[in-house]
Amino acid sequence: MELKNRNLNTPITIVSIAIPALVALLFVLPKPETHPGFDIRILPLFHAILNTSTAVLLLASLYFIKNGQVKAHKTTNLIAVGLSAIFLLSYVTYHALATETRFGDLDHNGIVDAGEKAVLGGIRYLYYFLLLTHIVLAAVIVPLVLFTLLRGFQNDIPRHRKIARITWPIWFYVAVTGVIVYIMISPYYH
């Protein structure tokens, strides 16, 4: 059956529920005692690089479609999806193995005490706002990207454009805030 005529709503819905559920599960499961054979502390920087690359590709994609370069638009979006898939696999690996890093934990004892909070001041509210919106929209973006891609592959251009107008700014926000959150929390990694 041709992709144009296939109804992929159910598989997209399943994937869109399974991914956030898996990520949420990582934060409650105990960490294994295994070591992956490399220093996992490099992964947050790798994630920031992937997010930066995705944001640049999304800007290029927008430029290409605004200038009628459909093939380049498609290519940059497919690369962005590929980088996002690599990000997801790496993110899951990191959070399955790493201990939690707390924003503001200057002494790396796992507790942000009143003195550390005082040092942070109001910046912690900005951090948590960015982190919360990043997390929520990262879950929302999964089905949006998948449906936008599907409409593009089905050559259903009116529906593709309609959903892309929602998908693009959210995906771009998620990519950019991923980098900002990394920059803000990176001093507290140990």
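Every number here is computed from the coordinates shown, using simple stated rules; none is lab data. Because the structure is predicted, anything quoted here is derived from the model rather than measured. Note: ideal-geometry Cβ built from the backbone for every residue, glycine included; neighbour counts use all protein chains shown.
Some observations on this one:
- Each of P20, I65, H47 was scored by the projection of its Cα onto the charge dipole of the chain, and the greatest displacement toward the positive side belongs to I65; charges sit on the C-beta of Lys, Arg, Asp and Glu.
- Phi-based couplings in Hz for segment 81-91 (Karplus 6.51, -1.76, 1.60; Gly and Pro marked x): 5, x, 5, 5, 5, 4, 4, 4, 4, 5, 4
- Added length on full extension, which subtracts the Cα-Cα distance from 0.36 nm per residue, F153 to V23: 44.0 nm
- Positive dipole terminus of the chain, leading residue within H95, H190, T10 (C-beta point charges): T10
- Between V70, V81, V92, the Gaussian network model of the chain with springs among Cα atoms under 10 angstrom shows the greatest mean-square fluctuation at V70.
- FRET efficiency for N7 and I86, using Cβ-Cβ distance with R0 set to 25 Å, rounded to 0.05: 0.35
- Summing Cβ point charges (Lys, Arg +1; Asp, Glu -1) relative to the Cα centre of the chain gives a dipole of roughly 1120 debye.
- In this rough spin-label picture, where each label sits 7 Å from Cα along the Cβ direction, the F46-Y189 distance is 1.1 nm.
- Centre-to-centre, using Cα atoms only, segment 147-190 and segment 22-72 are separated by 11 Å.
- Stretchable slack from H35 to R161, in nm (0.36 nm times residue separation minus alpha-carbon distance): 40.8 nm
- Neighbour net charge for I111 - beta-carbon separation under 14 angstrom, K R +1, D E -1: -3
- Computed [θ] at 222 nm, helices only, for the chain once each DSSP H run of length n ≥ 4 contributes -39500 (n - 2.57): -25500 deg cm²/dmol
- GNM flexibility winner over the chain from P20, P169, P30 (Cα, springs under 10 Å): P30
- Averaged over residues, the count of other Cβ atoms within 10 Å places the peptides 107-118, 139-150 in the sequence 139-150, 107-118, highest first.
- Taking Cβ atoms as reference points and 12 Å as the exclusive limit, the residues near R102 contribute a net charge of -3, counting Lys and Arg as +1 and Asp and Glu as -1.
- Karplus-derived 3J(HN,Hα), 6.51/-1.76/1.60, for each residue of segment 129-135, Hz, glycine and proline x: 4, 4, 5, 5, 5, 4, 5
- Here the extension length gained between L59 and Y125 equals 20.9 nm, from 0.36 nm per residue of separation less the Cα-Cα distance.
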